[in-house]
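Written out below as C-alpha cells is the structure these notes cover.
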Amino acid sequence: IACVLSGLPESIIAAACARSGQRVLHVDSRNYYGGNWASFSFSGLLSWIKENQQKTDINNECEDWRKLILENEEVISLSKKDKTIQHVEDFCFGDQDSAEDVEEAGALPKLPVFGASSAEGVAQESEKEHPPMESALPEAESREPEKATGTEPGSAMEGNDMEITSENESSQSAAFGESALELGRTEAAPSEISAQEPKKITYSQIVREGRRFNIDLVSKLLYSRGLLIDLLIKSNVSRYAEFKNATRILAFREGKVEQVPCSRADVFNSRQLTMVEKRMLMKFLTFCLDYEQHPDEYQDYENSTFAQFLRTRKLTPSLQHFILHSIAMVSEADCSTLEGLQATKKFLQCLGRYGNTPFLFPLYGQGEIPQCFCRMCAVFGGIYCLRHSVQCLVVDKESGRCKAIVDHFGQRISANYFIVEDSYLSESVCTNVCYRQISRAVLITDQTVLNTDSEQQVSILTVPPVDLGKPAVCVIELCSSTMTCMKDSYLVHLTCPSTKTAREDLEPVVQKLFNLNTEKETENEELEKPRVLWAVYFNMRDSSGVDKNSYDGLPSNVYVCSGPDCALGNDCAVKQAETIFQEMFPTEEFCPPPPNPEDIIYDEDEIAPEESGFSNSPETKSEPSTEESSSGGSTAFKKEDNE
C-alpha cells in the first residue's frame with residue numbers, strides 16, 4: 001500500500017492496512033504530519049502563513065525519472081503546488097514591543113502594525129518539529145509540561161489523570177477493561193477564580209511562549225459517541241492521546257453570550273429558564289430521544305424545515321433558539337425536520353458519557369489524532385517518509401491499473417494499492433470537480449467570551465447568521481489547560497461554509513464578540529469584550545462531497561481521500577477510511593484491537609532477536625503493554641524534541 005500525504009483519512013487507512021498485515025509506505029511532501037489536519041506552534045504557523053501567501057512553485061524533480069517509464073505504460077502527473085489554502089490574511093492588534101529580538105525555536109521578525117500581514121518577512125523557521133523518518137514511530141514535538149499549578153490541566157500533574165469508561169453512563173469512575181480514554185480533569189482550583197482584570201499580553205510574550213501554542217488548521221470536536229471515539233477505543237489507539245471534556249455549550253442571542261443548559265441537572269438548575277420553559281424543554285428533548293417511535297408527531301412536517309417544526313411545538317422563542325443553534329446545531333434555512341431530529345438525538349445520546357457535554361477535545365490539538373494512527377501504523381511495520389514528494393502515478397496501458405509511483409529522487413516504487421489525497425491531483429484529473437470552501441479564522445485573545453468562576457473552560461458557541469441564507473458560524477474557544485495556548489490567553493477558532501473570503505465571512509462575527517480596537521480609549525461596551533491580540537483568516541478547500549467518478553482517468557486501484565470538511569465532528573473521515581479499506585480488503589476486519597503481549601506465541605528462532613529488540617516479524621509485532629505505556633506519567637507517548 002502506498003499512501004501519499006498523512007491526513008486523517010489516509011492515516012486511519014494506513015493504520016488499518018498495517019494492522020491487517022499489509023506492507024505500508026506512507027510519504028508526504030510536507031515536513032510535518034497531518035496535512036490540513038495538522039497543528040502548529042506559533043512560529044510554525046507563521047512559517048505556514050508565509051508559505052501559503054507566497055505560493056512558490058516546488059521544482060525539485062529529477063530530470064531522469066521519465067527514463068523509468070516503459071513503452072506500455074503512461075503517467076498521471078501529480079500536482080506540485082498545494083492549492084487548498086487561499087486568501088490568507090493575518091493581523092496583529094495592539095502594542096508591539098520590540099518583538100524582533102525575541103526568539104522561540106528560531107528567530108522571528110517583528111510583526112507589522114494592524115492592516116499589514118504579520119507573516120511578511122518571517123525568517124525561515126529552523127528545523128521543524130517533525131523530520132522525515134523511515135521504519136520508525138512518528139514522533140511529536142517535545143511538550144514540556146507546565147508547572148503543576150491550579151490552572152494547568154490534570155494531565156500535566158502526576159497522578160491527576162482520569163480514566164473514563166467506554167460504556168458506563170455513570171459519572172467518571174468505573175474502568176472498562178481496555179476501552180478507556182484518558183481525560184484531563186476539568187475542575188478549576190480555587191486559585192483560578194479571580195475577579196481581577198486580565199493581564200496585558202504583548203506580541204513578544206506570544207513569540208516567547210510560542211511553543212505553548214498548538215494551533216489547529218481545522219477546528220473540530222469529538223462526539224463522545226461518534227465514530228472516531230469508537231474507533232480510538234476499538235483499535236486501542238486511544239492510549240496514544242489524552243482528551244479534555246468540553247465544559248460548556250454557549251448561545252449568542254440578542255447580542256449577548258449565554259450558557260445553554262444541556263443535562264437534566266443543568267436544565268433544572270438554570271436561572272435563564274422559567275419553570276414552564278424547563279418542563280417544555282425536557283418534554284421536547286425526551287421526545288427527540290425516541291422520535292422514531294412517534295412518527296405521527298412529525299410526519300406532517302417532513303417537508304418543512306426544522307425551524308418551522310419547532311414553532312409548532314409550543315416552545316418559547318428562547319427555547320427554539322437554544323435547540324436550533326446550540327443543541328441540534330443545524331441551519332435554520334435548509335435543515336429538514338428529520339435532519340434536525342437526528343442531530344438533536346445524536347447530541348442527547350452523547351451527553352453523560354464523559355461529562356455534561358457531548359464533546360471531547362484532544363490535548364495538544366486536533367493534529368494529534370492523525371499522528372496517533374501514524375504511530376499505530378509504524379508499530380505494525382509501516383514506513384514513513386516526510387519531505388518526500390511524488391512526481392507521478394505509473395499506469396499500465398493494458399490493464400488500466402496503477403503499478404507504481406515515481407518520487408522526486410527518480411525512484412520507482414511499486415505497490416498494489418495507492419491512496420492519494422485530493423490536493424495532490426492535477427487539474428487535468430479534476431476538470432469535472434466542483435469544490436466547496438471553508439472559511440476559517442484563528443484568534444489569540446486575552447479573556448473568555450463568557451466569564452465564570454473558572455477560567456479553564458472549553459466552550460462551543462454557534463452564532464446564527466444575520467441574514468437568512470447565510471451560514472451560521474461555529475466558534476470553539478480553548479483555554480490553556482488544553483495545551484493549545486499560553487497561560488492567561490485563549491485560542492478561538494471560527495468556522496463556516498464560505499460565501500466570500502474568510503475575512504469577509506467571519507470578521508463581522510469577530511467584531512460582535514471581541515474588541516478589535518487598538519486605541520487606548522474605547523467605549524465601556526468594548527472594554528467588556530475580550531481583546532484580540534492576533535488573528536489569521538484563510539479559506540480551505542472542502543472536497544468531502546466529491547465522488548470518485550468525478551475524477552477523470554483514475555485507475556481502479558487508486559483511491560482518493562478528501563481533506564477536512566466543515567462539520568463539527570470527524571465522522572466523514574472515518575466513514576471514508578473504512579469504505580476505502582473494505583473496498584481493498586473486503587474480508588479483513590477494520591482496525592481490530594491489537595493483541596495482548598501475553599497472548600503472543602513466539603517461535604524459538606524468534607526469541608533471541610525479539611529479546612534484543614530487533615525483530616520485524618509480523619507475528620512478533622505488538623503494541624506496548626498498558627504497564628509500559630503508563631510509565632513516565634501521562635505524557636509517556638509524547639514525542640521527543642527533534643531540534
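In summary, Glu332 fulfils each of the numbered conditions (1) assigned to a helix (DSSP H, G or I); (2) in contact (Cβ under 8 Å) with a residue 60 or more places away in the chain; (3) open to solvent by 10 Å² or more (accessible area, probe 1.4 Å) with the single exception of condition (1). Of the residues in segment 413-420, at least one is part of a loop (DSSP other than H, G, I, E, B) and either open to solvent by 60 Å² or more (accessible area, probe 1.4 Å) or within 28 Å of Glu504 (Cα to Cα) (or both).
Is it true that some residue in segment 11-28 is surrounded by fewer than 24 Cβ atoms within 10 Å (Cβ to Cβ) and either in the same structural domain as Asp216 (by the TED database) or in contact with a Ser or Thr (Cβ under 7 Å, 6 or more places away or on another chain) (or both)?
No, there is no match, as no residue in segment 11-28 is surrounded by fewer than 24 Cβ atoms within 10 Å (Cβ to Cβ) and either in the same structural domain as Asp216 (by the TED database) or in contact with a Ser or Thr (Cβ under 7 Å, 6 or more places away or on another chain) (or both).
Just a yes or no: is a residue in segment 476-497 touching a His at 6+ places or on another chain (Cβ under 9 Å), β-branched (Val, Ile, Thr) and farther than 21 Å from Arg212 by Cα? Spell out how you get there, then give the answer.
Of the residues in segment 476-497, the ones touching a His at 6+ places or on another chain (Cβ under 9 Å) are 476-478.
Now narrow it down to the ones that are β-branched (Val, Ile, Thr): 476.
The next check asks that each one be farther than 21 Å from Arg212 by Cα; those that pass are none.
Scanning segment 476-497, I find no residue that is touching a His at 6+ places or on another chain (Cβ under 9 Å), β-branched (Val, Ile, Thr) and farther than 21 Å from Arg212 by Cα, so the answer is no.
Residue pairs whose Cβ atoms lie under 6 Å apart, separated by 6 or more positions or on different chains, with the first residue in segment 266-278 and in the same structural domain as Leu315 (by the TED database) and the second surrounded by 17 or more Cβ atoms within 10 Å (Cβ to Cβ) and part of a loop (DSSP other than H, G, I, E, B), are Val267/Pro261; Ser270/Pro261. Checked against (1) part of a loop (DSSP other than H, G, I, E, B); (2) not assigned by the TED database to the domain that holds Cys402, Val429 meets all criteria but (2).
Conditions tested, residue by residue: (1) out of contact with any Phe, Trp or Tyr (no Cβ under 7 Å at 6 or more places or on another chain); (2) modelled with pLDDT under 95.
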{"position": "Leu393", "(1), (2)": "no, yes"}
{"position": "Asn432", "(1), (2)": "yes, yes"}
{"position": "Ile438", "(1), (2)": "yes, no"}
{"position": "Leu450", "(1), (2)": "yes, yes"}
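For the condition touching a residue at least 60 places away in the same chain (Cβ under 8 Å), touching a Lys or Arg at 6+ places or on another chain (Cβ under 8 Å) and open to solvent by less than 50 Å² (accessible area, probe 1.4 Å), His325 does not qualify.
Looking at Glu504, Glu528, just one residue is open to solvent by 30 Å² or more (accessible area, probe 1.4 Å) and over 30 Å from Asp547 (Cα atoms), and that residue is Glu528. As a summary of the residue check, Glu258 satisfies the conditions (1) open to solvent by less than 40 Å² (accessible area, probe 1.4 Å); (2) part of a strand (DSSP E or B) except for the one numbered (1). Condition test on Asn596, is it open to solvent by less than 10 Å² (accessible area, probe 1.4 Å) and among the polar types (S, T, N, Q)? Against the criterion (open to solvent by less than 10 Å² (accessible area, probe 1.4 Å) and among the polar types (S, T, N, Q)), Asn596 does not qualify. The single condition among (1) touching an Asp or Glu at 6+ places or on another chain (Cβ under 6 Å); (2) assigned to a loop (DSSP other than H, G, I, E, B) that Val395 does not meet is (2).
Each row is one residue, and each column tells you yes or no for (1) modelled with pLDDT of 90 or more; (2) of a type in the set (D, E, K, R); (3) within 25 Å of Ala567 (Cα to Cα).
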| site | (1), (2), (3) |
| --- | --- |
| Ile229 | yes, no, yes |
| Lys234 | yes, yes, yes |
| Ser238 | yes, no, yes |
| Glu242 | yes, yes, yes |
| Ile249 | yes, no, yes |
| Glu258 | yes, yes, yes |
| Pro261 | no, no, yes |
| Val267 | no, no, no |
| Met280 | yes, no, no |
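Just one of the listed residues (Tyr384, Tyr354) is assigned to a strand (DSSP E or B) and surrounded by 21 or more Cβ atoms within 10 Å (Cβ to Cβ), namely Tyr384. Being under 29 Å from the mean Cα position of the chain (by Cα) and not in a strand (DSSP E or B) is a property that does not hold for Phe409.
The values are calculated or read from the model by the stated rules, or taken from the named source; none is laboratory data. Bear in mind that the values here come from a model prediction, so they are computed numbers and not experimental data. Glycine also receives a Cβ, built like all others from the backbone with ideal geometry; neighbour counts cover every protein chain displayed. What goes into the accessible areas is simple: the full protein's heavy atoms, side chains included, and nothing from ligands, DNA or RNA. Shrake-Rupley method; radii C 1.70, N 1.55, O 1.52, S 1.80 Å.
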